[in-house]
Amino acid sequence: MRAIEYEVERQKEVIEDGGHVVQETRTWDDAKGVTLSMRSKEEAHDYRYFPEPDLVPVEIDDAWINRVKDELPELPVQRQARLMEQFGLSDYDARLIVSTKAMAEYFDRAVAVSKDAKLVANWLLGDVSAWLNNENKEIGDFQVSAEHLGELTNLIKDGVLSSKLAKKVFAEMLKDDKAPKQLVKDLGLEQVSDTGAIEKFVDEAIAENPQSVADYKAGKERAIGFLVGQIMKKSKGKANPGMVQELLKKKLQ
């Protein structure tokens, strides 16, 4: 490092003084903190390059090259391009997924089950990667099968689970790689998407919080957040958040 730093300054001075930096071998004098010229090297032959007589020429025909190409697996760059084109992933996400063969194969198996490839990518690069980093493990050591992760994303996509409830199910999957559908039943975590049931929670929240209702109608948009929180609390976090927002705004208007 010190030799390089010295050479940077020395060569700048040579050029600024109108000189020419010659190709040469230099040594480093650590005591004096300087480089010293040892011998000049003008051309490649000065390094005594010559053919190795014991290595015979090898001629490879096009047929052999094409056969080997056909036998190659999908390479990382090709896979990255496919994920971007086929599933609409960003360059950044696709690059992270193909960073290891095991991660890329896990993604493909999960997507084969899932209805939403981008959601799979979000979980894989988010919660799954966070757990692997915390546990200092690789995807090959991950106990949750790719198929079960794909199934979990379907439950979110179909409105069976909210993102918050999905994280609870995922935490249970880390303990025992059970099918997400079975865990949802075992834990009683099905998201409430019944309009009548949610409307009941909405009506109760409005009746119990007149001040927040008045604040919202007075133009304080933040007040609706409090009301949504009250409704979610009443439903024990199971109400479909999108439906809660829609019904609440409709009634407040």
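Here are some notes:
- Fully extending the segment from Glu172 to Leu252, taken as 0.36 nm per residue of separation minus the present Cα-Cα distance, adds 25.0 nm.
- Between Glu199 and Glu13, the modelled label-to-label distance comes to 8.8 nm, taking each label 7 Å out from Cα in the direction of the beta carbon.
- Highest-MSF residue in the chain out of Ala81, Ala31, Ala197 [GNM, Cα springs under 10 Å]: Ala31
- Two-decimal log10 I(q)/I(0) for the chain, as the Debye equation yields it once each C-alpha is a single scatterer, q = 0.09, 0.10, 0.12 Å⁻¹: -0.70, -0.76, -0.89
- Positive-end extreme of charge dipole, the chain - chosen from Tyr106, Ala121, Leu161 (charges on Cβ): Leu161
- Within the chain, helix-based [θ] at 222 nm, where runs of 4 or more DSSP H residues each add -39,500 (n - 2.57), nearest 500: -18000 deg cm²/dmol
- Across segment 103-119, coupling constants 3J(HN,Hα) worked out from phi with the 6.51/-1.76/1.60 Karplus curve, θ = phi - 60°, read 5, 5, 5, 4, 4, 4, 5, 5, 5, 4, 9, 7, 9, 9, 5, 5, 5 Hz, and Gly and Pro carry x.
- Checked against a 22 Å cut-off, the cross-linked pairs Lys137/Lys178; Lys178/Lys234; Lys157/Lys200; Lys185/Lys234; Lys118/Lys168; Lys178/Lys200 give Cα-Cα distances beyond that limit for Lys178/Lys234; Lys157/Lys200; Lys178/Lys200.
- Of Val213, Val34, Val228, the one that fluctuates the most in a GNM where the chain has Cα springs shorter than 10 Å: Val34
- Amide H to amide H distances under 5 Å link Arg26 with Met38, where only residues 5 or more positions off or on other chains count and H is placed in the peptide plane.
- Label positions at Lys220 and Ala102, each projected 7 Å from the Cα along the C-beta direction, are separated by 5.3 nm.
- Assigned charges on the beta-carbon of Lys, Arg, Asp, Glu; the chain dipole about Cα centre (debye): 2100
- Helix 241-252 and the longest principal axis of the Cα set of the chain meet at an angle near 50°.
- Contact order normalised by residue count of the chain, Cα under 8 Å, 6+ apart, percent: 10
- Computed over segment 1-108, the P(r) tail beyond 20 angstrom holds 70 percent of alpha carbon pairs.
- Per-pair calculated FRET efficiency, R0 = 41 Å: Asp61 and Tyr6 via Cβ, rounded to 0.05: 0.20
Rule-based calculations on the coordinates, nothing more; no lab input. Every value quoted in this text rests on a predicted model; they were computed, and no experiment measured them. Backbone-built Cβ (ideal geometry, glycine too); neighbour counts: all protein chains shown.
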